[in-house]
Amino acid sequence: MTALKGSQRKYLRGIAHDLNPAAFVGQKGITSSLIKEIDEALNAGELIKVKFVDFKEKSVKTAMAVDIAEKTLSHLAGLIGHVAIYYREHQDEKRRRIVLPG
């Protein structure tokens with residue numbers, strides 16, 4: 001998994017602007033069911049938002065966002081406010097909907 005370029009992350013954040021969160025991180029934190037839900041959403045749509053409901057401290061959110069990306073084998077395209085944006089290219093070329101620039 002190669003790292004995303006800055007321009008690619010910016011492109012993905014722009015596309016994600018109108019998306020609703022696919023999952024919510026509540027007081028239980030990162031659970032196996034949350035990871036499964038995020039994984040399924042990434043398979044369905046390649047680009048998703050995850051909202052942090054009970055975690056407001058930036059360092060905690062950042063650590064959790066990176067942990068989610070590692071566990072779902074996805075890219076963290078951005079962390080804006082209480083929302084993280086994740087991208088994972090679909091394994092089936094015919095089902096890929098997002099073409100990254102550059």
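Residue pairs exceeding 26 angstrom between C-alpha atoms, taken from Lys58/Lys94; Lys28/Lys58; Lys5/Lys51; Lys28/Lys94: Lys58/Lys94; Lys28/Lys94.
Here each label is just a point 7 Å from Cα along the line to Cβ, and for Phe24 and Gln91 those points are 3.1 nm apart.
Each residue of segment 23-33 is assigned a 3J(HN,Hα), and the resulting list reads 8, 10, 9, x, 5, 6, x, 8, 10, 5, 5 Hz, derived from the Karplus form 6.51 cos²θ - 1.76 cosθ + 1.60 (θ = phi - 60°), x at Gly and Pro. Amide H to amide H, with H built 1.01 Å from N, Val25 comes under 5 Å of Lys51, Phe52, Val53, counting only residues 5 or more places away or on other chains.
Taking a ≥ b ≥ c as the square roots of the Cα gyration tensor eigenvalues, with a/c under 1.5 meaning rounded and otherwise prolate when a/b beats b/c, else oblate, which class fits segment 6-89? Note, shape of segment 6-89 comes out oblate. Find the centroid of the Cα atoms in segment 11-50 and in segment 55-102, then give the distance between the two in whole Å. Cα centroid to Cα centroid, the span is 8 Å. Helical runs (DSSP H, four residues minimum) scored at -39500 (n - 2.57) apiece and divided by the length of the chain put the mean residue ellipticity at 222 nm at -12500 deg cm²/dmol.
Taking amide H as placed 1.01 Å from N in the peptide plane, Ala77 has its amide H under 5 Å from the amide H of Ile85, Tyr86, Tyr87, each at least 5 places away in sequence or on another chain.
Every read-out reported here was derived from the displayed coordinates using simple, explicitly stated rules and does not represent laboratory data. Please read these numbers as outputs of a predicted model, since none were measured by experiment. Cβ: placed from backbone, ideal geometry, glycine included. Neighbour counts: every protein chain shown.
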